[in-house]
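The values are calculated or read from the model by the stated rules, or taken from the named source; none is laboratory data. Note that the structure is predicted; figures quoted are calculated from it, not measured. Reconstructed Cβ throughout: ideal geometry from the backbone, glycine too, with neighbour counts over all protein chains shown. Ligands, DNA and RNA are excluded from the accessible area calculation, which covers all protein heavy atoms including side chains. Shrake-Rupley method; radii C 1.70, N 1.55, O 1.52, S 1.80 Å.
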Amino acid sequence: MGRSRSFDEGQVLAAAKDQFWSTGYAAARVDDIAAATGLGKGSLYGAFGDKHQLFLRIFDDYCAGLIEAVRRELDGPDAGAYDRLRAHVLKVANATASDVCLRGCLLAKGTAELSGQDEAVAATARRTFAAIEELISSCIAGAQRAGDIKQDADPARLAGLLLAVLRGIEALGKGGSSPDSLRAIAETALALLPRP
């Protein structure tokens, strides 16, 4: 019978996530992760595998949490769908504008750094973007049924556009664009939605 773990897995994963998020994957040394988590390298390897396995666990958990957060913000009755969509777009812009450390989004950071050479990261990123786009599309369709967006608009195309705008806002924010500029981009994208 194995020994029970003497650490809080959630706290360890949160500390490791902060390390990866702050430095990126390549620059996160195992010694730094061990120091951040308070675990020895042997305990880290025993509990989570190597650095890559640990990152994938964190990245997968982060992406699943992101999808659920977007679902909570966008799901609901058709009445109010447009307001939820608007609130979500503005929330992303405001969160990006207030990110004074310019850490950005772990999904964006991990995707930019690793997806070209790491199929597991690329697959998780594709699934996450597709899930978020589908949630946006469903919310737009709800707003159409409520009469707040024109019926003849294609919800999937509008969702793709909004997803691109949101990811662009995050990239521009990480690059240091002004908070006013980020908010203006969000407002402009919303103004372009075909209202009746």
Which value, to two decimals, describes the C-alpha radius of gyration of segment 140-187 once divided by 2.2 N^0.38 Å?
1.40
Taking only the alpha-carbon atoms of segment 91-180, the convex hull volume per residue, in cubic angstrom, is 98
Return the long-range amide H neighbours of GLY80 (sequence gap of 5 or more, or a different chain), with a cut-off of under 5 Å between placed amide H atoms.
none
222 nm mean residue ellipticity, helices alone, for the chain (DSSP H n ≥ 4; -39,500 (n - 2.57); rounded to 500)
-24000 deg cm²/dmol
Going toward the positive end of the dipole of the chain, with +1 on Lys and Arg Cβ and -1 on Asp and Glu Cβ, which of GLY42, LEU166, LEU13 do you reach last?
GLY42
With charges set only on the Cβ (+1 for Lys and Arg, -1 for Asp and Glu), what does the dipole of segment 1-125 come to about its Cα centre, in debye to the nearest 20?
220
Using 1/(1 + (r/R0)^6) with R0 = 30 angstrom and r between the beta carbons of ALA26 and ALA87, what's the FRET efficiency to the nearest 0.05?
0.25
List the residues whose amide H sits under 5 Å from the amide H of TYR25, counting only those 5 or more places along or on another chain, with H placed 1.01 Å from N in the peptide plane.
none
The answer for the per residue Cα convex hull volume of segment 37-196, in Å³, is 118
Semi-axes of segment 75-126's equivalent ellipsoid from the Cα gyration tensor, sqrt of 5 times each eigenvalue, largest first, rounded to whole Å?
28, 18, 5
Tilt of helix 119-145 relative to the longest C-alpha principal axis of the chain, in degrees (0 to 90, nearest 10)?
30
Given the options ASN94, LEU106, ALA156, identify the residue whose Cα lies farthest towards the positive end of the charge dipole of segment 77-196 (+1 on Cβ of Lys, Arg; -1 on Cβ of Asp, Glu).
ASN94
Counting just the Cα atoms, what span does segment 1-110 cover along each of its three principal axes? Round to the nearest Å and put the largest first.
55, 35, 19
Helix 51-74 sits at what angle to the longest principal axis of the chain, using alpha carbons and giving 0 to 90 degrees rounded to 10?
30
Under a point-charge model restricted to the Cβ atoms of Lys and Arg (+1) and Asp and Glu (-1), what is the dipole moment magnitude of segment 40-196 relative to its Cα centre, in debye to the nearest 20?
200
Computed ³J(HN,Hα) along segment 24-32: with the Karplus parameters 6.51/-1.76/1.60, θ = phi - 60°, integer Hz and x for glycine or proline, the list is x, 5, 4, 7, 7, 7, 4, 4, 5
From the protein chains alone at 1.4 Å, what is the descending order of accessible area for THR128, THR188, THR37, largest first?
THR188, THR37, THR128
